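Input: a single structure, listed below in structure tokens.
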Amino acid sequence: MQFVNPPMTGGRRRRTSFRTPAPVEALEARVLFSQPPPTVFNVFVAGTAWAQPFKDYMASQSPRRSAEFGFTVFRRHGEYPVRTLPWANLNEITVEFSDYPVSADADDLTVSGLTVPDYPVTGVRIRNNTATTGRTTITWTLGRPLGNDRIRLHFKVGPDGVNIGGYPIDGDGDGTLGGDFTHRFDVLAGDVDGGSDVSPAEFVFIRRQLFRVVSPLPYLYDIRSDLDGSGRIDSRDLLVVRRNTYAHLPYDPPPATANLFSASGIRESPVSDVLAGAS
Ligand SMILES: [Ca+2]
Ligand SMILES: [Ca+2]
Ligand SMILES: [Ca+2]
């Protein structure tokens, strides 16, 4: 028995173990010949302002969600239809990868929409959670919340994008290395029923739920009515849905690239202003 430090851990992962010496598989071989190849497992969205009890309750309702990373908008395995998201302060996107030391920069992720052609990415945080989930997560933070928009996520794969020691992942999920990752979902603050518009009935619906709380007892509490993820349905949520009443998702198809965007006739969401200004 000897004390071995495998050199394949890519700097972040550090694992020590007692085992008999064996030829250590290089990271290159591990990436190139792994079956299935390393890929994206899940994509989550959340708000940095979300209260932890809100996230805990959200995750408790479905094992597909995360008390750490938020609401799932993409799963690699299995059908996962997502209704229009009703929250007003979504500004974090977390991608969960296979158990590899994945690297990425802030500008590797592009978040585009019809209302806002290019959401600024202001930060990136990489975590190798091998001790807990056995997976690597990368969280990109946006400079403004997603809102009233048909969102398209895109990140490039390879040495100048998302990579594992310079090698590509299987971004498009076709079973071979390479291919960028793209995914679409919609966000409309106040769209409690996910029908892609905000009706006066939804204002009434939220008003009926005033003062319901997620903690300590989430009696009749609904995460889709807590529009700022505060853990409490109150006047701020009511203000969000009131300001967005009669708003709807932009009708145009999603842009192929951010440059093809046309903003004519599309009103930007005032909801972020509401949240920033309300007390
Ligand atoms: Ca591929
Ligand atoms: Ca609706
Ligand atoms: Ca709230």
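What's the ranking of 43-55, 115-127 by average number of surrounding C-beta atoms within 10 Å, highest first?
Details: 43-55: 20.2, 115-127: 16.2.
Ranked from most to least packed, the peptides come out as 43-55, 115-127.
For Ser215 and Ala49, calculate 0.36 nm times their separation in residues minus their Cα-Cα distance, and state this gained length in nm to one decimal. Numbers along the way, then the final one.
Values: separation 166, 0.36 × 166 = 59.76 nm, distance 1.66 nm.
Fully extending the segment from Ser215 to Ala49 adds 58.1 nm.
With contacts defined as alpha carbon pairs under 8 Å and 6 or more residues apart, what's the relative contact order of the range 192-245 in percent? Mind dumping the intermediate values first?
Details: 57 pairs, mean separation 20.9, N = 54.
Dividing the mean separation by the residue count of the range 192-245 yields 39 percent.
If you wrap a convex hull around the C-alpha atoms of the range 126-187 and split its volume per residue, what is the figure in Å³?
122 Å³
Taking amide H positions as placed in the peptide plane 1.01 Å from N, state which residues far from Val162 in sequence (5 or more) or on other chains have amide H under 5 Å from it.
Amide H neighbours of Val162: Lys156, Val157.
Assuming R0 = 22 Å, what is the FRET efficiency of Ala26 and Asp99, from their Cβ-Cβ distance, to the nearest 0.05?
0.85
Using r as the Cβ-Cβ distance of Ser196 and Tyr80, and R0 as 25 Å, what FRET efficiency do you calculate, to the nearest 0.05?
0.85
Let me check the size of the range 40-187 from its C-alpha atoms; what are the radius of gyration and Dmax in Å?
Every Cα atom of the range 40-187 included, Rg and Dmax give 14.5, 40 Å.
Apply the Karplus curve 6.51 cos²θ - 1.76 cosθ + 1.60, θ = phi - 60°, to the phi angles in the range 98-111 and return the couplings in whole Hz, x for Gly and Pro.
Calculated HN-Hα couplings, in order: 4, 6, 9, x, 6, 10, 6, 10, 4, 7, 6, 9, 10, 10 Hz.
We did not get these values from a lab; they are worked out from the coordinates using the rules stated. Note that the structure is predicted; figures quoted are calculated from it, not measured. Every residue, glycine among them, receives a Cβ derived from its backbone with ideal geometry; neighbour counts consider all protein chains shown.
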